[in-house]
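First up is the structure itself, then whatever we jot down about it.
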Amino acid sequence: MQAQMSKYSNFAESMSGLATLHFINGPRECDEDVVAKVPLKMREKLPPPYYEWWNARDDESNGEGTVVYDDLDRTLSLLREHEHAHGPFDGLLGFSQGGCVAHLACMLRLFASPPRFGIFISARLTRHTEHVKMVQALADEPLVLPSLVISGGKDTSVPPELTKQLSKTLSPGLQTRLYLPDGGHRIPKLE
């Protein structure tokens, strides 16, 4: 994330002087199968190791298309520990699975000092079985959280429709949506 925001985008530079960014790796190092699926060009620009927040696997006990997130508790503990050691934080920013994690942290009111804003880039809603009812409740009563939601029209990893579903759980009056028709699955450059 740090390399993507600073080397291949001006996102971090655009926030210089406005924010101090903290970067934290997910608790799981991706296995060789996951690394092999990363395009060679991407691996050359951003070499492994890669980390993930959880491993999603189908919840066979539930016929609703939900999943179970292995290591979810470890992820939430890691985030709480980081906030305790380095926080409080004014806001959360996340990309892809990290965007899902950032949204989930806001949804669960995970931190002692709740974030005052969220930035979610190419992110989707949690699909974890235990979160289904919370997500449904947010459709009726969205999170009151100033937010920026960014999606790309050419994103095949997290299609814009999935990011739009996430945006529906955030207060529309406090939300800015940025749709980049030619955007892919990456941190965008800011103008």
Open item on the list: Among DSSP bridges having both ends in the chain, what percentage is antiparallel? Round to the nearest 5.
Closed with: 25 percent
Task: Cα shape, the stretch 136-191, gyration tensor, a/c 1.5 rule - done: oblate
Task: Share of carbon and sulfur in the accessible heavy-atom surface of the stretch 57-179 [1.4 Å probe, %] - done: 50 percent
Task: Per-peptide average of other Cβ atoms within 10 Å, ordering 7-18, 113-124 highest first - done: 113-124, 7-18
TODO: Give the shape of the stretch 1-143 as rounded, prolate or oblate, defined through the alpha-carbon gyration tensor: a ≥ b ≥ c are the square roots of its eigenvalues, a/c under 1.5 means rounded, and otherwise the shape is prolate if a/b is larger than b/c and oblate if not.
DONE: oblate
- [ ] Note down the magnitude of the dipole of the chain about its Cα centre, charges +1 on Lys and Arg C-beta and -1 on Asp and Glu C-beta and zero elsewhere, to the nearest 20 debye.
- [x] 640 debye
Open item on the list: How would the stretch 1-60 be classified by its alpha-carbon gyration tensor: rounded, prolate or oblate, with rounded meaning a/c under 1.5 and the a/b versus b/c comparison settling the rest?
Closed with: oblate
TODO: Lys and Arg at +1, Asp and Glu at -1: add these up for the other residues within a Cβ distance under 12 Å of Ser157 and post the number.
DONE: +3
Task: Extended-chain gain in nm, criterion 0.36 nm per residue less alpha-carbon gap, Ser171 and Ala112 - done: 19.1 nm
Task: GNM top mover of Val38, Val132, Val67 - the chain, alpha-carbon springs below 10 Å - done: Val38
Task: Eligible aspartates and glutamates near Lys189 by straight Cα distance, threshold 14 Å, same-chain separation 8 or greater - done: Glu13
Task: Förster radius 22 Å - calculated FRET efficiency between Gln136 and Asp58 (Cβ-Cβ, nearest 0.05) - done: 0.65
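The values are calculated or read from the model by the stated rules, or taken from the named source; none is laboratory data. Values in this document were obtained by computation on a predicted structure and should not be read as measured data. Cβ coordinates were reconstructed from backbone atoms using ideal geometry, including for glycine residues, and neighbour counts include every protein chain displayed. Ligands, DNA and RNA are excluded from the accessible area calculation, which covers all protein heavy atoms including side chains. Shrake-Rupley method; radii C 1.70, N 1.55, O 1.52, S 1.80 Å.
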